[in-house]
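Report on the structure given below.
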Amino acid sequence: MQVIALRTLRQFWGRHPQAETPIKVWYAAASKAEWVSPADIKRQFGGSVDFVGDNRVIFDLSGNKYRLIVHISYRYKRALVKFIGTHAEYDRIDAETI
């Protein structure tokens, strides 16, 4: 998958240095992935992933300390970062519209 908005991820770990490693691990896995359906993502990430409308996927990073919302275009093999934040920040947004 082509991950779009690496800059957003870098800015986040600049503010939260402890998030750098989990984000880089996710980025490496997602960049190499060839997901064609939500089942592929679920198989790879198991219980640390949830799905909401509009092909959005919520990844729990670092033991659910951080939340990453990504819009997946299976057809074009792209993953667009829509949100990265702490769990508390995530609780204040609507994952389906952000």
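Here is how the numbers come out for the structure above:
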quantity	calculated
Cα-centred dipole magnitude for the chain, charges only on beta-carbon of K, R (+1) and D, E (-1), debye, nearest 20	360 debye
Fraction of alpha-carbon pairs over 18 Å apart in the stretch 39-93 - percent	28 percent
Whole-percent carbon and sulfur share, accessible surface of the chain, 1.4 Å	50 percent
Å² of accessible area per residue within the chain, as computed with a 1.4 Å probe and no ligands counted	56 Å²
Sites Ser73 and Ser48 - FRET efficiency at Förster radius 30 Å, r taken between beta-carbons, to 0.05	0.90
Helix-only mean residue ellipticity at 222 nm for the chain, each DSSP H run of n ≥ 4 adding -39500 (n - 2.57), per residue, nearest 500	-10000 deg cm²/dmol
Exposure of Asp94 as accessible area (Å², to 10), given a probe of 1.4 Å and all protein chains	80 Å²
Lys32/Arg92 FRET efficiency (R0 25 Å; Cβ-Cβ; nearest 0.05)	0.20
Computed accessible area, His87, all protein chains, 1.4 angstrom probe, square angstrom	60 Å²
Global geometry of the stretch 20-66, whether rounded, prolate or oblate, following the gyration tensor of its Cα atoms and the 1.5 cut on a/c	oblate
Debye intensity ratio I(q)/I(0), log10, the chain, q values 0.12, 0.19 Å⁻¹ (C-alpha model)	-0.33, -0.88
Extreme residue, positive dipole direction of the chain, given options Ala95, Pro17, Gly46 (C-beta unit charges)	Pro17
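The values are calculated or read from the model by the stated rules, or taken from the named source; none is laboratory data. The shown structure was predicted, so the numbers you read here are calculated from the model rather than taken from an experiment. Neighbour counts run over all protein chains shown; Cβ positions are idealised from the backbone, glycine included. With ligands, DNA and RNA removed, areas are computed over all heavy atoms of the protein, side chains included. Shrake-Rupley method; radii C 1.70, N 1.55, O 1.52, S 1.80 Å.
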